[in-house]
Amino acid sequence: MLQHQYIERDSGAVVTEQLLGDRMVQLLYHQVRENSSGLFRLLTSSWSSQLLGAVNFDRPLLNRQGFAARCGIDLEECLDPPHTLDTARKVFERRIRYEQCRPLPDEPAAVVSPADARVIVGSLQETDLFFLKDKFFSFEELIGPERSFWRHRFANGDFALFRLTPDKYHYNHTPVAGKVVDFYSIDGAYHCCNPAAVVSMVTPYSKNKRVVTLIDTDVAGGSRVGLVAMVEVVALMIGDIVQAYSDQGYDDPRQVRVGMFLKKGQPKSLYRPGSSTDILFFQPGRVRFAADLLENQLRSGVVSRFTQGFEKPLVETDIKVRSLLALNN
């Protein structure tokens, strides 16, 4: 079975990912999908996703320390005492001391990662080296037909796609500072974000349930990188995206609303356990992605499933929440 590798940002090491349920995903997306469309729709429904989540994440953990170690989770980062994290769900919905463990970059103009995730960056320009449009998603479908008026604002712009694996810290943080000018949800399916599933389907993310937040950063106190669209996408075994913005720690969580000012790097929302995806869109010419992310993406000798179907390497970098993603241009 084909491996999937990514690059660890801090060390530059190539890491082979242990894909959760990989054989099941291969069966679902390459055999059930082709031979039984009705069963495939059932298995990627909200009901099925929630059932799988309960079975996999709500059973008591017999060995919490061992479970955390297998998942590569540092319990020392957690705000809550380790003994209270007695199910996989509680481990994956953990809160962390992010001010100490995920400090913001020194550059005031930095755009930061919204999640602990694996990232690919690209452009919506057909002539660009990192052109990925209509391979991973259709922008028009992703933001929804009711909001097609945003389309021209992001034409020929840039994007960053973040894939959260089930073991990751599942809070999303705000990548920029600015005022919310639009906020809405779009119903959809619960397709898996395993690379095999993504590569096998056309525009999978624009078929999933998702939440879209439009942030104007060209306001007083904003990050000055234009309009930014943040799309939070549910996936297999994700039951919900809980909006829980907080100005201070995780205290007094609030629903995101139009007109609200969001500070950069603060907790914004929580994914229920499972794999999931964030996608950021930027207007053309407003940001410059970090050089190491661009270099890693084209690194040869890395076995990435995302390279399939493209004429060049397409390698993810493991990135930490609140770390440098881009600078304003």
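The values are calculated or read from the model by the stated rules, or taken from the named source; none is laboratory data. The shown structure was predicted, so the numbers you read here are calculated from the model rather than taken from an experiment. Quick reminder, even Gly has a Cβ in these numbers, built from the backbone with ideal geometry, and neighbours come from all protein chains shown.
Tabulated data
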quantity	calculated
The range 205-219, subset at pLDDT 95 or above and touching a Phe, Trp or Tyr at 6+ places or on another chain (Cβ under 9 Å), residue surrounded by the fewest Cβ atoms within 10 Å (Cβ to Cβ)	VAL219
From ASP278, ASP318, ASP252, residue being on the phi > 0 side of the Ramachandran plot and not in a helix (DSSP H, G or I)	ASP252
Lone unmet requirement of (1) on the phi < 0 side of the Ramachandran plot; (2) surrounded by fewer than 20 Cβ atoms within 10 Å (Cβ to Cβ); (3) of a type outside the set (Gly, Ala, Ser) for ARG224	(1)
Flag for SER223 being farther than 21 Å from PRO105 by Cα, touching a residue at least 24 places away in the same chain (Cβ under 8 Å) and among the polar types (S, T, N, Q)	no
Residue list for the range 140-183, filter: outside any strand (DSSP E or B), more than 20 Å from the chain's Cα centre (by Cα) and buried (at least 18 other Cβ atoms within 10 Å of the Cβ)	TRP150
Given (1) under 20 Å from ASP318 (Cβ atoms); (2) in contact with a helix residue (DSSP H, G or I) (Cβ under 8 Å, 6 or more places away or on another chain); (3) of a type outside the set (D, E, K, R), number of the condition ALA115 does not satisfy	(2)
Subset of the range 291-313 (residues that are part of a loop (DSSP other than H, G, I, E, B) and touching a Lys or Arg at 6+ places or on another chain (Cβ under 9 Å))	LEU298, GLY309, PHE310, PRO313
Cross-chain or 6+ apart pairs with Cβ under 6 Å, the range 242-261 first and among the hydrophobic types (A, V, I, L, M, F, W, C), then part of a loop (DSSP other than H, G, I, E, B)	ALA244/PRO253
Selected residue (only one of GLY265, GLY285 is part of a loop (DSSP other than H, G, I, E, B), surrounded by 16 or more Cβ atoms within 10 Å (Cβ to Cβ) and touching a residue at least 40 places away in the same chain (Cβ under 8 Å))	GLY265
Some residue of the range 180-198 being modelled with pLDDT under 95, closer than 24 Å to ALA326 by Cβ and touching a strand residue (DSSP E or B) at 6+ places or on another chain (Cβ under 7 Å)	yes
Residue satisfying all of: in the range 303-317; surrounded by fewer than 21 Cβ atoms within 10 Å (Cβ to Cβ) and under 12 Å from ILE7 (Cβ atoms); modelled with the lowest pLDDT among these	PRO313
Residues of the range 124-139 that turn out to be under 17 Å from the mean Cα position of the chain (by Cα) and either at pLDDT 90 or above or polar (S, T, N, Q) (or both), as a count	1
Subset of the range 276-302 that is within 30 Å of LEU85 (Cα to Cα) and touching a helix residue (DSSP H, G or I) at 6+ places or on another chain (Cβ under 9 Å) - its residue that is modelled with the lowest pLDDT	THR277
